[in-house]
Structure formats: C-alpha cells, structure tokens
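FYI, it's all coordinate maths here, none of it is from the lab. Keep in mind that what you see is a predicted model, and the values were worked out from it rather than measured. Here the Cβ is made from the backbone with ideal geometry for all residues, glycine too, and neighbour counts use every protein chain on show.
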C-alpha cells in the first residue's frame, strides 16, 4: 500500500483526488494539507511514501516546497499536480528534486499511473509534457550557444538588476555599446521584454548565488 499525502489548497479538489486514488490503486491517502506550512507539520508526524503537491499554494510555490521537502525528507517521493503545463514549471519542479509532473487536465486518466510509477522509483511525465520540455531545452541550448561572450555577460548583469550605466562602468564600455549588446542578445534569444529576460535568466541559473 502506497502512503500518500495530498497538498492542495482546495478542499473539494483534495476530496476528488483522494477518491480517485483510493478507488483505482493500492493507495492510501494518509494526510491532507492546504499549504506548505501544513504539509511540513503533517509530514513530521506521519510516515508517507509520496506527496502530491499543487504547484500554486497560498504560502509558497510547489517548487519551493519540493526543494524544502527533499532536503528534510530525502526518501519522500514528490509528484506535482498543476494547471500549468509550461516547460518552465516542469523543469523547475524536476530540478528541485521532484520525480513526476501531472497536469490537472489529465488527472482522471494519468494520476494513478503517475503515483504508481513514482512509487516504483521511476520518473513520470506524460508524452506531451515530455516532448514540450525536450523541445524547449533543445531550443534553449541552441539559443545560448548563439550568444557571444560579451552579449551573455551584458544580459547576465542586466538580469541581475544592474542599470545600463552600471554595466557600462563594470565592463569599461559605453552605455550605447551596452544597449547594442542587449538588443543583439535579446533578438538572438527571441526575448522581447525585461520579464522575458528574467524568466530566461532563472532557467539558465544566472541569478543563483
């Protein structure tokens, strides 16, 4: 019997997931939490094999909670359940230590299979999500390779919050040259706005440390 904890802030959704899991698989829901704080407290008190985490919680993101739970309970298997199918969310959860990711749109026909796979020590992504993630990663690799060292350096510093003037002073170049490198690099990466640059910087690990 697989012991599962549900972490989802909507009570009706939790009730539906519990019924689905216990009706279709060798699964027992041993606890439910509506926030990251509740989940931590609950998991300190009971034994669980696997936790299903909503990616959007009232007090934290499922990705942050995944990272915290992996550090505190390294043997606990973690499966995301989310309405978000963007590869950025999928990659973030897997990089945080998660073993699987299921879209809420596919709960009825995928969740039990995902729980069983993750409980066996496997990773689970449905073919559509896996393909999108793979394509996004390939495109990202091609894009980053196309940046010159100076273009990447300028974009990194801008993403870290430096102004054009501060970047120019640090690199001993003019503000006009900074703007040129920024425009050229953004164009190569297919980025349009500062928000696009920040999301890209997070994905590439430019803001860590």
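Volume per residue for the range 2-129 equals 89 cubic angstrom (convex hull of Cα atoms). GNM on the chain, alpha-carbon springs under 10 angstrom: the most fluctuating residue among 53, 65, 155 is 155.
The mean sequence distance of close C-alpha pairs (under 8 Å, at least 6 residues apart), as a share of the length of the range 140-204, puts its relative contact order at 38 percent. Taking the longest Cα principal axis of the chain as reference, the axis of helix 175-189 is set at about 40 degrees. Length gained on full extension, residue 163 to residue 130: 8.1 nm, using 0.36 nm per residue less the C-alpha separation.
Summarising the strand pairing of the chain, around 5 percent of its internal DSSP beta bridges are antiparallel.
Taking the number of other C-beta atoms within 10 Å as the exposure measure, put 193, 61 in order starting with the fewest.
Final ranking by Cβ density, sparse to dense: 193, 61.
For the chain, the longest principal axis of the C-alpha atoms and the axis of helix 127-146 are separated by about 20°.
Considering helices alone, the calculated mean residue ellipticity of the chain at 222 nm is -18000 deg cm²/dmol, with DSSP H runs of length four and up weighted by -39500 (n - 2.57) and normalised per residue.
The angle separating the long axis of helix 36-45 from the principal Cα axis of greatest extent in the chain is about 50 degrees. Only Cα pairs under 8 Å and at least 6 apart count here; give the relative contact order of the range 2-129 as a rounded whole percent. With pairs under 8 Å counted, the relative contact order is 22 percent. Using R0 = 45 Å, the C-beta based FRET efficiency linking residue 171 and residue 11 works out to 0.25. Remark: 60, 66 ranked as 60, 66, counting other beta-carbon atoms within 10 Å and listing the fewest first.
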